[in-house]
Amino acid sequence: MRIRKVVFPVGGLGTRFYPITKAIPKEMLCIIDKPLIHYAFEEALAAGIEQFIFITRQGKNSIEDYFDHLLTCSDEFKSGNCSFCYVRQSEPLGLGHAVLCAKHLVGDEPFAVISADDYVAHEKSCIGEMIKNYSGANMAAVMTVPHRDVSKYGIVDVETETDELVTARSVDEKPSTDQARSNLAIVGRYLLNPAIFDVLQHLKPGVKNEIQLTDALLKMIPTTGLTGFKIKGKRFDCGSREGLLSAILHVSTGNRKLAGIIKKFREDI
Ligand code: G1P
């Protein structure tokens, strides 16, 4: 199925990275020389996506400046196939609310959502692989996490499973360790049926008093279904110091020159 549009929710406060994120959006934190949002953009571009919708807010203008620069310096983007739109999310009311802010730009077609702070390192575009498997049900990228971490994630209760996909019976946003029905967690990649906008519009705030995308996915299971796509490659939670550092080391070790620097550094300590 053709997916033409992606939503990047970039309105989060990035509290885990204070104080730097008081002045710089977390999506502009770098893995070596490119900001996280650039990696998310490349993943979407490689999947054939043409319209990039950023849900932004106060203090996030450097993201727009960054893509303006990219547009003027690259022939690929000048050709006119890509378009960039920015929507302001006036208050950080949650991921579900951020997605709802894109309603008027997405219209009545399935669309992708990528959280830039979830960096997935793999030779193939993760969202591109999801699109290949997409058949109209809501889809979320999933991976197993240590049981002690389940309360950081949306957790999927699996009904059926193949090597690549799971069918969800249920999904819970940030359950406690004793209430979690599995340790299969949603990571920041989604393909959504446009019917989700109506559900989000009528949703009451959930965990953290925010409009949760997971709650909308749960409501739609009886009608639209929810498929989990088991991600391939390595995922890094770059919204945390440990995750960002690990991603930097991962990318560096794949680069001959940088890998040499790491090797020398380790020998010297
Ligand atoms: C969000 C989603 C959660 C998901 C997570 C993945 O949570 O609400 O379901 O598992 O992203 O990174 P957040 O990390 O924004 O609190």
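Before moving on, here are some points about what is shown:
- So P222, is it part of a loop (DSSP other than H, G, I, E, B) and within 15 Å of the ligand (Cβ to nearest atom): no
- In region 164-176, the residues that are farther than 14 Å from T224 by Cα and acidic (D, E) reach residues that are away from the ligand (no atom under 13 Å from the Cβ) and in a strand (DSSP E or B) with C-beta atoms within less than 8 angstrom, at least six apart or across chains, in these pairs: E164/F229; E164/K230; D172/D157.
- Enumeration of residues in region 186-206 that are in contact (Cβ under 8 Å) with a residue 60 or more places away in the chain, more than 15 Å from the ligand (Cβ to nearest atom), open to solvent by 10 Å² or more (accessible area, probe 1.4 Å) and farther than 18 Å from I49 by Cβ: Q201
- Qualifying residue in region 156-171 (condition: closer than 23 Å to K5 by Cβ, at pLDDT 95 or above, within 15 Å of the ligand (Cβ to nearest atom) and among the polar types (S, T, N, Q)): no
- Summed over region 225-258, the residues that are part of a loop (DSSP other than H, G, I, E, B) and either of a type in the set (F, W, Y) or at positive phi (or both) give a count of 2.
- If you go through region 173-185 and keep only what is more than 9 Å from the ligand (Cβ to nearest atom) and touching a strand residue (DSSP E or B) at 6+ places or on another chain (Cβ under 9 Å), you end up with P175, Q179, A180, R181, S182, N183, L184.
A quick yes/no check of all residues on (1) closer than 17 Å to K219 by Cα; (2) more than 18 Å from the chain's Cα centre (by Cα):
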| site | (1), (2) |
| --- | --- |
| M139 | yes, no |
| M143 | no, no |
| V150 | no, no |
| G154 | yes, no |
| E159 | yes, yes |
| T167 | yes, yes |
| D178 | no, yes |
| N183 | no, yes |
| D198 | yes, yes |
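- Selection from region 207-245 of residues that are among the polar types (S, T, N, Q) and surrounded by 14 or more Cβ atoms within 10 Å (Cβ to Cβ): Q212, T214, T224, T227, S240
- The criterion of at least 1 residues that are over 29 Å from S135 (Cβ atoms) and open to solvent by less than 50 Å² (accessible area, probe 1.4 Å) is met by the following helices (runs of 4 or more DSSP H) wholly inside region 1-118: 36-46, 61-73, 75-78.
- Residue in region 138-146 that is more than 15 Å from the ligand (Cβ to nearest atom), of a type in the set (A, V, I, L, M, F, W, C) and under 12 Å from L226 (Cβ atoms) present: no
- Annotation: R241 fulfils all but one of (1) touching a Lys or Arg at 6+ places or on another chain (Cβ under 8 Å); (2) more than 28 Å from H97 (Cβ to Cβ); the unmet one is (2).
- Lone qualifier among A121, A137 - being out of contact with any Ser or Thr (no Cβ under 6 Å at 6 or more places or on another chain) and open to solvent by less than 30 Å² (accessible area, probe 1.4 Å): A121
The values are calculated or read from the model by the stated rules, or taken from the named source; none is laboratory data. From a predicted model like this one, the values you see are computed outputs, not experimental measurements. As a convention, Cβ positions derive from the backbone with ideal geometry for all residues, glycine included, and neighbour counts pool all protein chains shown. These accessible areas exclude ligands, DNA and RNA; they are computed on the full protein's heavy atoms, side chains included. Shrake-Rupley method; radii C 1.70, N 1.55, O 1.52, S 1.80 Å.
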